[in-house]
Amino acid sequence: MKKISLAFVILNFLTALFILVLDSKPILAQPSFDCAKASTAMELVICGDETISEMDAYMAQLYTSLRHAPGVDKNALLKSQRNFVRQRDQACARSGDALNCLFDWYQNRINELLA
């Protein structure tokens, strides 16, 4: 019986793993809403960009965490979130560069929520 070295087994395993990784489809980021039900121009842009989708999901996580934090004025937080969405959509629809506009708006909102 032929002996198989550990190095040979590891090399074959890593080769198979590498092929599997190359062949797999990337998992796209999911925003905080269902992209199948996206109805506004900005929702469609968000769904079409992985970075913006990730930012939207992260912002939503921060918002949800704050809503459950003790001592937070939930009504004021809800109002500020609704204002953010309305103002973001209006500004980015007029911007001529929706992706960069959304990136800036999300970055600013995330920083506000973290403050």
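Some points to look at:
- Near the amide H of S32, within less than 5 Å, lie the amide hydrogens of A57, all on another chain or at least 5 residues away, with H placed in the peptide plane.
- The overall shape of segment 35-114 is prolate: from the C-alpha gyration tensor, with semi-axes ordered a ≥ b ≥ c, the ratio a/c is 1.5 or greater and a/b exceeds b/c.
- Here S39 and L62 are evaluated by their C-beta separation; at R0 = 30 Å the FRET efficiency comes out at 0.80.
- Distance between the 7 Å Cα→Cβ label points at Q87 and D104: 1.3 nm.
Just so you know, all these numbers are worked out from the coordinates, no wet-lab data involved. Everything numeric here is computed off the predicted structure, so don't read it as measured data. Here Cβ is always computed from backbone atoms with ideal geometry, including for glycine, and neighbour counts include all displayed protein chains.
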